[in-house]
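First comes the structure, then the notes that go with it.
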Amino acid sequence: MEKQLIASMLMISLGLLTACGSGSSSPTDNDDFFVPNDLGAVSQNPFDTERLMIVQISMPDADFKALSSQGRSLDAGISRCPSHDFEYDQFTAKVNIDGTVINDVVIRKKGYLGSLSPTKPSFKLDFDESVEGRLFKGLKRMTLNNNRQDPTHARQCLAYSLYEQADIKVPRCSLAKVYVNGEEMGVYTHVESIKKPFLERVFNNKDGNLYEAQLSDFGQQLNPTFELKTNKTANDRSDLTAVANALALTNDGEFLAAIEGVVALDEFITYWAMDSITGNWDSATGNANNYYIYKNPDDGLFHYIPWGLDAAFTGSNLLKPASGPLYRSNRLAKRLFSINSTRTRYYDRIQQLLTDIWNPSNLIQEIESVQRLTSAPQDAVNALKQFIAGDPSPEILSQVETLQQAIDNDGADQIDYTLADETPNCETINTTNMTANFEGGAAVDNGTFNFKLADNTVITANIYWVSLGDDSVDGISVLTDTNTLPNTKAITLIGVDQASVWRGDTPPDVYVLQIAVESPSYRAQSIPLHGFANSLMLFKVISENNLALIASGRSGTISFASAGNGTNSNPIKGSVSATMGYFQP
């Protein structure tokens, strides 16, 4: 067996796959309902950025357990066909917000995939569903994001503020500390719901069509991926067709004339520039995701509304490398980038906004203010500061330098991942059974993981064979990922396909099973799969720096008999029994 070749191919795997750290839940009071002593100076502004709103939720333990356990499966969530028909169950709770008690509040879990957590769920609270017309400080609803992908607690409100300074319509944003049944859940981001009250506030007109976009884009075949949120009875989606028709025009002059009649184009270029400036890759232009569009009846144009900004100030998409910083994984942005005049407008808008609103010193002061308020972990805060201002010691470019470098070479080394205007393949995702047994901590790592490829080839990946004769390569590694709240334990199993070892000069096939478990759950127990939080992802090693995703978890459990770090004094031992869906690129 070519041990050195295997070693060189595999050492890269750990760095590529551990992109998912810190937080804790601690009991605070045994009483069913209480008012903590850290309310601060309560004001009538439900989006007061100077303090933490205190939100206490009381509901039956069984209901909270059921709410926390719900979510999309990972394989469906990363497929080409987002499950728009997925709905969370509703429950009833008593809520105390800054000392004001509200009974019979309708509550449900929130989150598409990346923010899903069984230990710290996001919430939507509805005050007027059971008592019509009831408001809390003018709000019908509250959206509480768990900050799972934002351990700084600063990215979302900071990014919304920057978009707003650029004259983009955005929801209001502040921070809250949340308790459930007396247990502190931690800091959440409170974001204004994108509903009719928001439309009336920012557009002075709530009568137009509002669409939510999750892996959605304009196109003759893609338009159905937009989810209509208003005027559902009329269900007139012809306004989407007008944009798709404009994008289909091959003559650039005709296209520009047509698109300016259906989209607020100058505003979109600003929006696009802000996606790039804030490094907001999980966005309309970076990932065809996490945004709303609103057809304003007053001007007859579509306006883009940013949403879900917890990936801002990170810049890169692990599953779509080299997609930034000049994002164009969006059909409108891609077309505009291909035209000299509008590409120049985009570059000029970036430079203008960097001059007018991007002030690294002020941004860092705001981040430090949030850290004092929330006690955000220092490592996460330092990474956010480095994104903004750079760091000469590890040779990290500032965001201004990164953008200028990309503009200078016209984004030549970037890849766009624009959705093709074709009907997505929404057939049932085929599955494979995954079983694994693994043990690390002795002289060598041991175990196997077993599955079938899509062509029904049976694979037994042997972990022991990875380190055979080479002590520098671990078949099992355990790392703590501090990019999430709570932290995630990333367990990487590397195995050599036993049947491929004897093929002469051809290198054997090597597979990687990436296991992620939220740190509060990482102990001797069985853990159900749950989004990215407790997940399985299966890869094949193609070459150095090149891994191909084969399948991801749908249902099943990850079990640990010993939850250590894989050393002799702290062994890890566990098993997997799960169903995994084959990846549909």
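Read-outs: derived from the displayed coordinates by stated rules, not from any lab. Just so it is clear, the structure is predicted and the values come from calculations on it, not from any experiment. In this analysis, Cβ positions are derived from the backbone assuming ideal geometry, glycine residues included, and neighbour counts consider all displayed protein chains.
Extension gain for Asn546-Lys229 works out to 110.1 nm (0.36 nm per residue, less the C-alpha to C-alpha distance).
Three semi-axes describe the equivalent ellipsoid of the stretch 346-502; taken as square roots of 5 times the Cα gyration tensor eigenvalues and ordered largest first, they are 43, 26, 17 Å.
How would the stretch 97-197 be classified by its alpha-carbon gyration tensor: rounded, prolate or oblate, with rounded meaning a/c under 1.5 and the a/b versus b/c comparison settling the rest? Please report the intermediate quantities before stating the final value.
Numbers: a/c = 1.80, a/b = 1.16, b/c = 1.55.
Judged from the Cα gyration tensor, the stretch 97-197 comes out oblate (a/c at least 1.5, b/c at or above a/b).
In order along the stretch 332-339, the Karplus-derived 3J(HN,Hα) couplings, from 6.51 cos²θ - 1.76 cosθ + 1.60 at θ = phi - 60°, round to 6, 4, 4, 5, 5, 5, 6, 9 Hz, and Gly and Pro are given as x. Rounded to the nearest 0.05, what FRET efficiency do Asn245 and Asn450 give with R0 = 45 Å and r taken as the Cβ-Cβ distance? Could you check? Once rounded, the FRET efficiency stands at 0.35. From the list (1) 20; (2) 50; (3) 14, can you say which value of percent of Cα pairs over 44 Å apart was derived from the structure given? Given (1) 20; (2) 50; (3) 14, the structure-derived one carries the label (1). Calculated translational diffusion coefficient of the stretch 263-381 (37 °C, 0.692 mPa s; Stokes-Einstein with Kirkwood radius over alpha-carbon pairs) equals 212 µm²/s. With the cut-off at under 13 Å, measuring from each backbone N in the stretch 539-568 to a point 7 Å along the Cα-to-Cβ line of Thr480 picks out 564-565.
Could you work out the helix-only [θ] at 222 nm for the chain, with each DSSP H run of four or more residues adding -39,500 (n - 2.57) and the total divided by the number of residues, to the nearest 500 deg cm²/dmol?
On the way: 14 runs with 143 residues, N = 585.
The helix contribution divided over the chain gives -7000 deg cm²/dmol.
Divide the volume of the convex hull around the Cα atoms of the stretch 31-192 by the residue count and you get 133 Å³ per residue. Converting phi to 3J(HN,Hα) with the Karplus coefficients 6.51, -1.76 and 1.60 and the offset θ = phi - 60°, the stretch 58-70 yields 10, 7, x, 4, 5, 5, 5, 5, 5, 4, 5, 7, 7 Hz in sequence order, with x at every glycine or proline.
Using a simple charge model, +1 on the beta-carbon of Lys and Arg, -1 on the beta-carbon of Asp and Glu, nothing else, what dipole does the stretch 451-585 show about its Cα centre, in debye to the nearest 20?
Working: 7 positive and 10 negative charges, 103 e Å.
Magnitude of the dipole: close to 500 debye.
With one equal scatterer per alpha carbon and no solvent term, the Debye-computed log10 I(q)/I(0) for the stretch 171-250 at 0.17, 0.19, 0.22, 0.25 1/Å reads -0.82, -0.91, -1.03, -1.15. Couplings for the stretch 223-240, taken from phi via the Karplus curve 6.51 cos²θ - 1.76 cosθ + 1.60 with θ = phi - 60°, read 3, x, 6, 6, 9, 6, 10, 10, 6, 5, 5, 5, 6, 8, 9, 5, 5, 5 Hz in order; Gly and Pro are left as x. In a fully extended conformation the segment linking Leu354 and Leu319 would gain 9.8 nm over its present Cα-Cα distance, using 0.36 nm per residue.
Kindly put Met580, Met59, Met185 in sequence by how many other C-beta atoms sit within 10 Å of each C-beta, fewest to most. Display every interim value, and only then the final one.
Details: Met580 29, Met59 17, Met185 24.
The fewest-first ordering by Cβ neighbours comes to Met59, Met185, Met580.
Stretching Val42 away from Gln221 to a fully extended chain increases their span by 59.5 nm, per 0.36 nm per residue minus the current alpha-carbon distance.
Of the peptides 33-46, 403-416, 545-558, the order by per-residue mean of other Cβ atoms within 10 Å, starting with the highest, comes out as 545-558, 403-416, 33-46.
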